[in-house]
1. With +1 on each Lys and Arg Cβ and -1 on each Asp and Glu Cβ, how big is the dipole of the chain about its Cα centre, in debye rounded to the nearest 20?
2. Run through the DSSP bridge list for the chain and note the antiparallel percent, rounded to the nearest 5.
3. Considering the Cα trace of the chain, what is its radius of gyration and what is Dmax, both in angstroms?
4. Can you compute the modelled spin-label distance between Asn121 and Arg89, with each label point 7 Å from Cα toward Cβ, in nm?
5. How many angstrom separate the Cα center of segment 30-85 from the Cα center of segment 98-139?
6. For Asp109 and Lys165, compute 0.36 nm times the residue count separating them, minus their Cα-Cα distance, and round to one decimal in nm.
7. Within 10 Å, count the other beta carbons around each residue, average over each peptide in 162-174, 95-107, 79-91, and list them highest first.
8. Excluding Gln6 itself, what net charge comes from residues whose Cβ is under 9 Å from its Cβ, given Lys and Arg +1 and Asp and Glu -1?
Amino acid sequence: MLLKFQKVKYYIGERLLLDIPDLTIPAQSRIGIVGKNGSGKTTLLKLIEGQLELDEGRIDYQGDITVIDQFIAVDSQKSGGEQTKEKIRQSIHQGASILLADEPTNHLDSAGREYLIKELNRFYGTVLMVSHDRDFLNQMCEDIIEIEDGTVTLYPGNYDNKKKKKEIEEKEHARK
């Protein structure tokens with residue numbers, strides 16, 4: 001399922017947190033979302049899910065959305081890893097066309113991480129995942145969205161490719 005952003009703006013008070021003039025994510029994409037803490041990564045997922053309301057623009061898609069969020073129940077008898085694996089299992093097998101994963105590798109040991117990767121690879125729809133785990137992003141993503149100072153930039157390739165391209169851009173900008 002195609003996911004399309006048109007003239008999207010989201011403010012927190014006077015601060016423009018997200019500005020996405022035009023962005024199309026093709027069906028069955030595997031997209032990593034990166035940026036500094038507080039840059040708007042989780043907010044972007046909540047806007048897509050409909051938990052937050054846009055200030056301007058629109059986000060269009062068809063089908064259902066499922067979510068693997070980063071929060072665990074403190075009062076649960078299950079460990080954080082067990083709870084995360086349960087969320088992964090429920091989300092993947094729900095039949096949704098878009099999966100939003102917010103820090104899905106949190107609380108997972110190496111076996112849990114491998115389980116996550118295996119399940120995400122089996123998921124047929126589009127996956128957008130926020131993560132600080134560079135190895136995970138390199139292994140799972142075909143494109144990276146970076147959020148920096150409200151600007152959303154799509155980089156083709158995995159995290160390492162994004163990092164190289166960004167370094168080249170910064171060197172070129174410094175020369176001007």
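1. Values: 25 positive and 30 negative charges, 82 e Å.
That gives the chain a dipole magnitude of about 400 debye.
2. Values: 19 of 38 bridges.
Of all bridge pairs located within the chain, approximately 50 percent are antiparallel.
3. Gyration radius and largest Cα-Cα distance of the chain: 16.4, 58 Å.
4. 2.0 nm
5. 13 Å
6. On the way: separation 56, 0.36 × 56 = 20.16 nm, distance 3.10 nm.
So the chain would gain 17.1 nm between Asp109 and Lys165.
7. Values: 162-174: 12.2, 95-107: 20.7, 79-91: 17.0.
Per-residue Cβ counts within 10 Å, averaged per peptide and sorted highest first, yield 95-107, 79-91, 162-174.
8. Numbers: positive: Lys4, Lys7, Arg58; negative: Asp22, Asp60.
Net charge around Gln6: +1.
The values are calculated or read from the model by the stated rules, or taken from the named source; none is laboratory data. The shown structure was predicted, so the numbers you read here are calculated from the model rather than taken from an experiment. Note: ideal-geometry Cβ built from the backbone for every residue, glycine included; neighbour counts use all protein chains shown. These area figures cover heavy atoms from the full protein model, side chains too; ligands, DNA and RNA do not enter into them. Shrake-Rupley method; radii C 1.70, N 1.55, O 1.52, S 1.80 Å.
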